[in-house]
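Below you'll find the structure, written out as structure tokens, and then a few comments.
The values are calculated or read from the model by the stated rules, or taken from the named source; none is laboratory data. Quick caveat, the model's predicted, so the values are computed rather than measured. When we count neighbours, we look across all protein chains shown, and the Cβ atoms used for this are built from the backbone with ideal geometry, even at glycine. Areas reflect the complete protein model, heavy atoms only, side chains present, ligands, DNA and RNA absent. Shrake-Rupley method; radii C 1.70, N 1.55, O 1.52, S 1.80 Å.
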Amino acid sequence: MGALPKHLPRCEEVIEPQSAVCSCCGLPLHRIGEHVSEALDIVPALLRVIRTIRPKYACQACEAHVVQAPARARVMDGGMATTALVAHVVVSKFAWHLPLSRQFLQVDGYAAYKSLAKRRRKSNIAPLQLAFCLAHARRKFVEVLKTTGSSEALAVIAAIASIYRIEECIRGMSAERRLSVRKAESAPLMAALKERLEMLIGEVSAKSSLGKAVAYTLAHWHGLTAFLADGRIEVDSNVVERSLKPVCLTRKNSLFAGSARGGETLAVLASLVNSARLNGLDPETWLADVLEQIVSGAIPVNRLDELLPWKWKADREARSQLERVAA
């Protein structure tokens, strides 16, 4: 393993064994040596080296018992970087994967998204559920209203507005609570809207602007109603679209993804980082802790969903509350 630059400041941490008493004869152990390893670390605007010292102890009486704390796992076997540095690099546009048990993609009706979901199904990759944007469907009826003054288009717009009023009331609530309200209030409204659209499709010309708007909405109905089955899904992709506007400023960086796989990795990265930001978290702080918990084995593979930004935030807030009560 190579050496890290000598000019960087060192921050030492000593990992002591759990017991300093000989398990053979019960006498105190004495220090006979140590193992020292180094890893490059980062604090915002500060690059430093973490020196991890693991003292070795032995019994002076029997000289047969030697103890030493085990080395901590690292994010990369044999690597010279701490989880904080890796998190910094990841947030700085490099790649890291966190497996998700279920994947959603909130999009408009662009055909490429449908092809992507279809290819994943054929390739036996984790299924991708498309959640379509209700705002995009609404815009088509707004255009019809502007150009034709259609009362039917106005009625559809009003029905969709009712859905948005419900969403405004439940914004910020837990996914479970949002889902409960949606099933009770939004589901009947969406069912009534579908009945109206199915009636219209048989009454208007398929070539008319209204007919095309109705056909588009019905063709995407499964994805447009995905929010009724999962409280984590939004009714539209407006939040995502607003957050993606700055992407054009770094479009050239995407040219260096290297491959289709690299592009997918970049997309995962962008999703993770922006999910943290949308939940009011500092991406580096969140990711550094997530990586540390994964590497150390603190969180088993079947509980990785607990590290998702909104759950991680809720857990931190709950801990802070308990600490305040205890104090």
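A few comments on the model shown:
- Excluding same-chain neighbours fewer than eight residues apart, the aspartates and glutamates reachable from Lys56 by a Cα-Cα span under 18 Å are Glu12, Glu13, Glu16, Glu34, Glu38.
- For segment 258-327, with all protein chains in place and a probe radius of 1.4 Å, 54% of the accessible heavy-atom surface sits on carbon or sulfur.
- Between Ala175 and Ala73, the modelled label-to-label distance comes to 2.4 nm, taking each label 7 Å out from Cα in the direction of the beta carbon.
- Once all protein chains are placed together, Glu16 keeps about 90 Å² accessible to a 1.4 angstrom probe.
- Sites listed here are trypsin sites (Lys or Arg not before Pro) in segment 124-191 whose DSSP assignment is loop and whose Cβ has at most 11 other Cβ atoms within 10 Å: Arg171.
- Modelled spin labels at Gln321 and Glu12, positioned 7 Å past Cα toward Cβ, are 4.2 nm from each other.
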